[in-house]
1. Short version: what are the Cα gyration tensor semi-axes of the chain, square root of 5 times each eigenvalue, largest first, in whole Å?
2. How big is the antiparallel share of DSSP beta bridges in the range 2-112, given as a percent to the nearest 5?
3. Sort largest first and round to whole Å: the equivalent ellipsoid semi-axes of the range 60-133, each the square root of five times a Cα gyration tensor eigenvalue.
4. Can you give the calculated 222 nm mean residue ellipticity of the chain, where each DSSP H run of n ≥ 4 adds -39,500 (n - 2.57) and the sum is split over every residue, rounded to the nearest 500 deg cm²/dmol?
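Just so it is clear, none of the values below were taken in a lab; they were calculated from the coordinates. Treat the numbers as computed from the prediction; the structure is a model and nothing was measured.
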Amino acid sequence: MIEGSCLCGTVRYRVDAPEGPIIHCHCETCRKAHSAAFSTLMPVPRNAFQWIEGESHLGSYESSPGKLRKFCSLCGSHLVADRPDQPVILLRLGCVDSEIAGRPQASIWRSDGADWYDPAASIPEFPKGIPSS
Ligand SMILES: [Zn+2]
Ligand SMILES: [Zn+2]
């Protein structure tokens, strides 16, 4: 079981299926939609996916023909991408609340990648914000 919700908590979904593969997508439309270096996605079976709260607050944007990016119209969180003619829905993993056992398996659309982001770069990490002292 995988559960997810938007930033404001209005929209919630549940997936009654095992985890799918985890992929980082660097395509330009993902970068723009999420205003981030990439979007992390996981395909799950459509017939195992259900909205459990707030479906009426979903907005959607057709970023390419037949591809609907669905988001909470109150807080803007992107929750899934959906091509209604396909058997899977793409979860946007940043909104998943469940513990995820899998780890990313690939980066796709690196040809569209932000020039300021290098996945191989080694940079300092801090548990929270930049330390003040
Ligand atoms: Zn929301
Ligand atoms: Zn993408």
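1. Ellipsoid half-lengths, sorted descending, are 25, 18, 16 Å.
2. 90 percent
3. 29, 18, 15
4. It comes out at -1500 deg cm²/dmol, rounded to the nearest 500.
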